[in-house]
Amino acid sequence: MLDIALKEQLKTIFAALESDFIFDIRVSARHESREELIEMMEEVAACSERLSCHVQESDRLEFDILKNGEPSGISFRGIPNGHEFTSLLLAVLNLDGKGKNFPDEAVAQRIKALKGPVALTTYVSLTCTNCPDVVQALNLMSVLNPSISHQMVDGALYQEEVDALKIQGVPSVFADGKLLHVGRGELGELLAKLEERYGAEPSLADTAEKRYDVIIAGGGPAGVSAAIYSARKGLKVAMVAERIGGQVKETVGIENLISVPETTGRELADNLRTHLSHYPVDLLEHRRIESVETVEPENRASASADRAADQSPQAAKADKLIVTSVGERLLAPALIIATGAGWRRLNVPGEAEYIGRGVAFCPHCDGPFYKGKHVAVVGGGNSGVEAAIDLAGICSKVTLFEFMGELKADRVLQEKLATLPNVEVFVNVQTTEVVGNGDKLTALRVKDRRTDEERLAELDGVFVQIGLSPNSAAFRDVVETNRMGEIVTDSHCRTNVPGIYAAGDVSTVPYKQIIISMGEGAKAALSAFDDRIRGVI
């Protein structure tokens with residue numbers, strides 16, 4: 001099952017293991033996937049003398065990971081191959097205290113402070129590219145907090161269970177049997193939801209102010225570019241980000257990044273992290289920026305002594321005070337906002353209620369749940385037409401609704417769409433309501449914009465593909481934004497507030513492309529450095 005090259009890699013990965021691990025397998029002799037599971041786990045175990053398998057009879061197919069003979073709190077109900085193979089490897093490494101995915105101490109303390117017990121279950125699809133991030137984050141929480149347990153479940157092997165829970169999107173996370181989260185998620189987001197539901201012990205976060213020359217908000221292509229360019233100038237840089245890679249991680253294939261003929265979003269995100277690690281940037285990951293304000297030095301009673309003693313012209317400029325979701329307080333004369341954008345929602349009645357129960361955003365992850373069913377795609381741009389093309393190969397019928405009078409996608413995509421017999425296209429259509437029966441979506445209410453006639457389009461699901469919405473909410477009371485919520489910048493990435501810059505998809509820069517975001521991040525960093533030299537900040 002595992003090729004020779006992969007086995008050699010595993011031997012290297014597991015060579016430094018210090019604890020003994022048992023894959024405690026429970027599987028029915030009649031299960032059709034019994035031999036596949038046992039073969040894979042025995043081949044993995046053979047890569048280290050620290051790993052072994054124990055097989056016993058059961059009425060299902062699952063295994064726990066035991067550490068030094070004791071339950072670890074991590075289990076898999078299914079065969080963790082495909083995208084989840086990495087989740088298995090990381091689980092072992094994390095349990096041994098290893099792995100580059102451990103959060104910094106502030107976030108680790110929040111995880112340890114969660115009140116338990118908490119029993120988490122994540123239903124996944126092995127073809128889902130977003131599922132491993134959630135599985136690995138929750139496994140890590142289980143490692144850091146012994147009152148948390150986590151089990152991954154392959155929904156394809158437990159279809160009756162999936163149907164009973166009315167799951168129509170992955171990953172779907174249940175906490176003690178109640179739905180907690182659906183869809184893409186990062187450790188920080190999941191942690192916040194668990195804190196809200198279960199509570200936590202008093203925080204031990206360090207709230208002392210920390211001073212930097214530049215603070216970067218966001219960890220996508222623009223943010224990483226800005227951080228690297230700033231660090232290369234010898235500045236003290238902090239980056240606050242929910243995740244490195246940002247929206248890029250959701251892109252399956254990238255073929256227009258000049259000099260790189262082909263890559264994936266996940267690979268690019270990994271490369272961004274690797275490049276960033278070559279510079280002395282303080283990476284504060286798994287956090288959001290809760291508030292931003294400009295603060296005059298004379299009004300800050302908590303100013304440090306060395307700051308107070310500095311009588312240079314630069315010291316008289318206003319600082320930017322950033323408070324993170326961990327409670328940290330960061331100060332710098334320059335703030336570069338590169339928080340990117342997220343999927344735009346319809347914002348119609350019923351949409352929020354049926355996310356994960358008929359309303360979806362990722363055709364690659366959730367498309368398999370609609371095999372043989374009738375779905376709609378809302379949006380006629382490149383992403384909408386690409387989604388319709390992908391879904392046409394899975395679903396019995398795909399209906400595409402476009403608000404404008406014609407599709408906006410590239411001509412080559414429209415020509416491909418026109419060849420598909422099970423796709424119908426309607427233009428000049430406005431979606432006004434998501435209709436459901438309490439358990440799942442059953443229809444969309446749509447309006448013909450030319451006649452104002454409304455009708456119900458009976459469907460099994462809808463994929464919303466209407467573009468991106470800038471992640472600028474935390475900054476809108478500080479800097480100027482346009483009607484779309486984009487931060488208004490000049491040709492040098494400067495905002496209307498001296499010392500605050502914006503780059504990439506969160507800004508008004510035209511054409512939301514990876515390569516443009518990288519250039520804008522570099523431009524923002526150079527503008528901030530130039531302003532620093534000239535005494536503007």
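Here are a few things to note about the model shown:
- Selection count where residues are of a type outside the set (Phe, Trp, Tyr) and open to solvent by less than 10 Å² (accessible area, probe 1.4 Å), scope segment 496-511: 7
- ASN130 within 27 Å of ASP460 (Cβ to Cβ) and in contact with a helix residue (DSSP H, G or I) (Cβ under 6 Å, 6 or more places away or on another chain): yes
- Here segment 148-175 is the region considered, the condition is being open to solvent by 40 Å² or more (accessible area, probe 1.4 Å) and more than 14 Å from PRO80 (Cα to Cα), and the residue that is nearest to the chain's Cα centre (by Cα) is SER149.
- SER230 fulfils the conditions (1) open to solvent by 50 Å² or more (accessible area, probe 1.4 Å); (2) hydroxyl-bearing (Ser, Thr, Tyr); (3) more than 26 Å from PRO132 (Cα to Cα) except for a single criterion, (1).
- Of all residues in segment 147-157, none are touching a Cys at 6+ places or on another chain (Cβ under 8 Å), part of a loop (DSSP other than H, G, I, E, B) and of a type in the set (Gly, Ala, Ser).
- Qualifying positions in segment 119-138 - hydrophobic (A, V, I, L, M, F, W, C), under 12 Å from VAL170 (Cβ atoms) and open to solvent by 10 Å² or more (accessible area, probe 1.4 Å): LEU126
- A single member of LYS210, LYS112 is out of contact with any helix residue (DSSP H, G or I) (no Cβ under 8 Å at 6 or more places or on another chain) and surrounded by fewer than 21 Cβ atoms within 10 Å (Cβ to Cβ), and it is LYS210.
- None of THR508, THR481 is under 23 Å from TRP343 (Cβ atoms), among the β-branched types (Val, Ile, Thr), free of Cβ contacts under 8 Å to residues at least 12 places away in the same chain and in the same structural domain as ALA332 (by the TED database) except THR481.
- Every condition in (1) at pLDDT below 95; (2) in a helix (DSSP H, G or I) is met by ALA226 except one, and the failing one is (1).
The values are calculated or read from the model by the stated rules, or taken from the named source; none is laboratory data. Here the structure is a predicted model, which is why all the values come from computation and not from measurement. Because the Cβ atoms are built from the backbone with ideal geometry, glycine has one as well, and the counts that use them run over all protein chains shown. Accessible surface areas use protein heavy atoms only, side chains included; no ligands, DNA or RNA. Shrake-Rupley method; radii C 1.70, N 1.55, O 1.52, S 1.80 Å.
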